[in-house]
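These notes are about the structure you will find just below.
Here, each number is a calculation from the coordinates, and none is a lab measurement. Just so it is clear, the structure is predicted and the values come from calculations on it, not from any experiment. Glycine gets a Cβ as well: all are built from the backbone with ideal geometry, and neighbour counts include every protein chain shown.
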Amino acid sequence: MTEPSDLSSIPLPKAARLSKSKFLSGLQCHKRLYLEVHEPSLATKPDAATQAMFDMGTEVGELARSRFPGGVLVAAGYRQSEAALDQTAALIQDLTVPAIFEGAFLHRGVLVRADVLERVQTAEGQFCGWRLIEVKSSTRVKDVHLEDLAVQSEVILGTGLTLVSIGLMHINTGYLYRGGAIDLMELFSIQDLSEAVAQRRAEVPARLAEMSRMLLQAQSPAIEPDQHCHTPYDCPFWEHCTKDKPARWIHYLPGSKQVASQMTQQGVTTIDEIPAGTKLSPIQRRVKENVEWVSAKLGPVLKAVQYPVHHLDFETVMLAVPRFSETRPYQALPVQWSNHIEAANGELRHEEFLHKNVSDPRKVLAESLLESLGDRGSICVYSPYERSILEQLAVAIPSLKPALSRIVNRLWDLFPIIRDHYYHPAFSGSYSIKSVLPAMVPSLAYGDLAIQEGGHAASQYYRMVFVETDWIERATIEEALLRYCERDTLAMVELRRALMDKSKMTGETG
Ligand code: SF4
């Protein structure tokens, strides 16, 4: 059984009242916490894809409550803390309530909301305490979850409640949905973390005291941005903290961050100042040299392609709660493809597909794709992702397996070709198509599109098919999705052409 620590020595001023999320921000970085409390307007707003992840987390939280029949939700919102505290106190007294959702607790200036507090009884039916459960849409226990539960349990115990166990409820990716009602016992795993959380909880009072003292300072702490800014979450003050950094700041060196950390310790602030003889990866070396580079083999490698050249890209969704039979949580489901087909004479044709309703997209998508790809020519892609999606489709649809396997054999990945044979300083060490395209084909970037990256496409697709009811809004999203996927495959066409031009610089075109 877990007992409370003594928080009496902590001088928490009312103005600096902490919450669970503020505590976690403070663990990541004291400056982040300071800015959240004193200068929140300096934060960058979450992008649409991040917002969609929050929304999916909310959906998972609501479904998780169904696993506790008879449980009651504290309806008062996050800004109505006094009402939430009153409602929670009343539910604790009501012995007919088996579980409380979003219960609010305040102890020595720290306010927390608990996802689930379940009343626990002995074998004889006697009430013996509460089980605290945090619900996450993630697929495993992470370090930050232990810290989250540590501060929650510290506060709840401080209010006088007894916690008999502490656990994390998360999505079980091993669950295979076979149609019908979702099996909540299978979809969610609950892991008992009582011991691990107790160890973390011992450190909570001192950390809270340190944070509250820091918050009383007249200025934010002088903390330099570094790796900690991205772990466990990307900090919303990154743009603010890095706005005066040089364009070739050492932190922008790609690959392993070990070199950047070592250099920073030695007082090196830009990539150009890295001393000669420092051990660097091939990509890091190219970024340091900062000059255009073309391999002599680029031409022959490009010429190996077979016409007609197809240029293929998929968009996928990953649903935390599976909706289609024989799928698992977060399984990548293809819902859209684009194909630009280039004939040997340079003529270009575009074909596309977007699954627009709530049915299983896989078979209809695969059939339309096979028709578009035919049986001749290379299929140009820009990552191993398309291969893995095609292999998954072949397993899911046995009748199409031979045809899909033949498609896999025709794949021709442009990504390793660029990575191994060409570099441009404007790549800044990134071979992502979003970095490569504006550098090599400036007239064809993504800036004019309503959707500009895959995470946003996935979240917009989810909205279009599963959430949005307004047909105008649905039509707008549909158009934006089609244009985004089309741009990805046109980008590959233009990149191949631009690379072919570059290969002529070396004289070896095969
Ligand atoms: S960007 Fe980094 S240094 Fe700045 S507040 Fe965030 S975590 Fe701290």
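Key figures
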{"item": "Derived scalar couplings ³J(HN,Hα) [the stretch 343-360; Karplus, 6.51 cos²θ - 1.76 cosθ + 1.60; whole Hz; x for Gly, Pro]", "result": "7, 4, 8, x, 5, 10, 10, 10, 10, 8, 8, 9, 7, 10, 10, 7, 7, 4"}
{"item": "The stretch 440-507: chymotrypsin sites (Phe, Trp or Tyr not before Pro) in DSSP coil with no more than 15 other Cβ atoms inside 10 Å", "result": "none"}
{"item": "The chain, relative contact order in percent, only Cα pairs under 8 angstrom and at least six apart counted", "result": "14"}
{"item": "Normalised contact order of the stretch 155-261, rounded percent, pairs of Cα under 8 Å and 6 or more residues apart", "result": "17"}
{"item": "Helix-only mean residue ellipticity at 222 nm for the chain, each DSSP H run of n ≥ 4 adding -39500 (n - 2.57), per residue, nearest 500", "result": "-12500 deg cm²/dmol"}
{"item": "The stretch 126-200: trypsin sites (Lys or Arg not before Pro) in DSSP coil with no more than 13 other Cβ atoms inside 10 Å", "result": "140, 178"}
{"item": "Cross-link pairs beyond the 21 Å C-alpha cut-off, checked among 288/504; 136/363; 31/142; 136/434; 45/243", "result": "288/504; 136/363; 31/142; 136/434"}
{"item": "The stretch 27-141 - charge dipole about Cα centre, Lys and Arg +1 at Cβ, Asp and Glu -1, debye rounded to 20", "result": "320"}
{"item": "At most 15 other Cβ within 10 Å, DSSP loop - GluC sites (Glu not before Pro), the stretch 277-331", "result": "292, 326"}
{"item": "Efficiency of FRET from Cβ geometry, residue 358 and residue 234, R₀ 35 Å, rounded to 0.05", "result": "0.65"}
{"item": "Computed label-point distance, nm, for sites residue 444 and residue 81 using a 7 Å Cα→Cβ extension", "result": "5.4"}
